[in-house]
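These notes are about the structure you will find just below.
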Ligand code: PAF
């Protein structure tokens, strides 16, 4: 039988637990999440366990990273299910604060990470990355972990967080975990639950298309041609494409012509569901 996992809801309680571990000279990893946990999150937990003595998982659906017309109210929430999964997977502690604990009355400080956040997802989701940066800065200060893990599926988010930590001298190592996929290639995401059965069948085409772009680029094809062909394929399959882009994998700067090393990133709607994905160039073997 699995022991029920310990859960704290206040910053004071979190700090007390973490302080005990620190006093014993033990290391701490933080895995920030918005809950509705799937194998992608659990793979970050496994990675965290291999890198630290204790793993804290935060569960907080962060209201300030959702736009006014986005899915904050609909976002899947299943705390009991999440706790069961985390207990079984061996997390040490869950931090699941209420909104008022994170954003007390009069909260007015925001963290913004300049140029990395202006386009790609930042262009269609204004303020999204400020909301992410603000909550992640808070979580890092509340927990003071040695390392914190974030999935590569949110590749732009991962780079934003790395930049935040570098620029503000936050003493933590940010570790990116590889994307976990369904058998047909669809990247795991809590939002996949919104897909209708027919959208679910179409969804893997996003991964197939950007993988084809990566393969073409590796063969010397120019970025612009490859992107136009990918958009055409996705449009024809019924996606509403937000972007398909080939970027520098460290700075997200635009690239053109043939490239040796890059990241292909895409975001596209199927019905009301916004899917994102990305792959490296050269493709992983
Ligand atoms: O990737 C997520 O789930 C969220 O953006 C994060 C990093 C937990 C911040 O709310």
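Whole number please: convex hull volume per residue of the Cα set in region 159-208, in Å³? Write out the running numbers ahead of the final one.
Details: hull volume 4.9 nm³, N = 50.
Dividing the Cα hull volume of region 159-208 by its residue count gives 99 Å³.
Got the relative contact order for the chain handy, in percent, Cα pairs under 8 Å and 6 or more residues apart?
Working: 497 pairs, mean separation 48.3, N = 285.
Once divided by the residue count of the chain, the mean separation gives 17 percent.
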**GNM top mover of 182, 79, 98 - the chain, alpha-carbon springs below 10 Å** = 182
**Complete:** The percentage of Cα-Cα pairs in region 132-191 separated by more than 12 Å is 69
**Fill in**
Computed over the Cα atoms of region 63-205, the Rg and Dmax in Å are 16.5, 47
**Asked** Roughly what angle does helix 39-51 make with the longest principal axis of the chain, taking Cα atoms, 0 to 90 degrees, to the nearest 10?
**Response** 60
**Message:** For the chain, set up a GNM with springs between Cα atoms under 10 Å and report which of 62, 192, 169 has the largest fluctuation.
**Reply:** 169
**Fill in**
For the chain, the longest principal axis of the Cα atoms and the Cα long axis of helix 79-89 enclose an angle in degrees, to the nearest 10, of 90
**Asked** In region 180-245, if every C-alpha pair distance is counted and binned at 10 Å from zero, what percent goes to each bin?
**Response** 20, 49, 27, 4
**Asked** Of all DSSP beta bridges in the chain, what percent run antiparallel (nearest 5)?
**Response** 50
**Asked** Using alpha carbon centroids, what distance separates region 245-285 and region 99-164, in Å?
**Response** 21
**Request:** Compute the long axis of helix 128-143 from its Cα atoms, compare it with the longest principal axis of the Cα atoms of the chain, and write down the angle in degrees, 0 to 90, nearest 10.
**Result:** 30
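Taking only DSSP H segments of four or more residues, each worth -39500 (n - 2.57), what value at 222 nm results for the chain once the sum is divided by all its residues, to the nearest 500 deg cm²/dmol? The partial results should precede the final answer.
Values: 10 runs with 108 residues, N = 285.
Using -39500 (n - 2.57) per qualifying helix, the result is -11500 deg cm²/dmol.
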**Prompt:** Give or take rounding to whole Å, what are the principal axis extents of the alpha carbon atoms in the chain, in descending order?
**Reply:** 56, 41, 41
**Asked** Hey, if you drop one equal point scatterer on each alpha-carbon of region 147-256 and run the Debye formula without solvent, what base-10 log of I(q)/I(0) do you get at q = 0.23 Å⁻¹?
**Response** -1.32
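Give me Rg over Rh for region 1-135, both radii from the alpha carbons and Rh done the Kirkwood way, two decimal places.
0.99
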**Asked** Working out 0.36 nm times the residue gap between residue 7 and residue 184, then minus their Cα-Cα distance, what length gain in nm do you get to one decimal?
**Response** 60.2 nm
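Multiply the residue gap between residue 119 and residue 193 by 0.36 nm, knock off their C-alpha separation, and tell me the result in nm, one decimal place.
Values: separation 74, 0.36 × 74 = 26.64 nm, distance 2.64 nm.
Length gained, residue 119 through residue 193: 24.0 nm.
Taking 1 over the mean of 1/r across every pair of different Cα atoms in region 6-57, what Kirkwood radius in Å do you get?
Numbers: mean 1/r = 0.0844 Å⁻¹.
For region 6-57, inverting the mean 1/r across all distinct Cα pairs yields 11.8 Å.
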**Prompt:** Extent of region 204-285 along each principal axis, from alpha carbon coordinates, in Å, largest to smallest?
**Reply:** 35, 24, 22
**Item:** Ratio Rg/Rh, restricted to region 37-115 and using Cα atoms, in which Rh is the Kirkwood radius
**Value:** 1.02
**Request:** For region 76-147, report the convex hull volume of the alpha-carbon atoms normalised per residue, in Å³, without decimals.
**Result:** 149
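Taken together, the values in this text are just the output of simple stated rules run on the coordinates, not laboratory data. Predicted model, so just to flag it, every value in this text is computed and none were measured.
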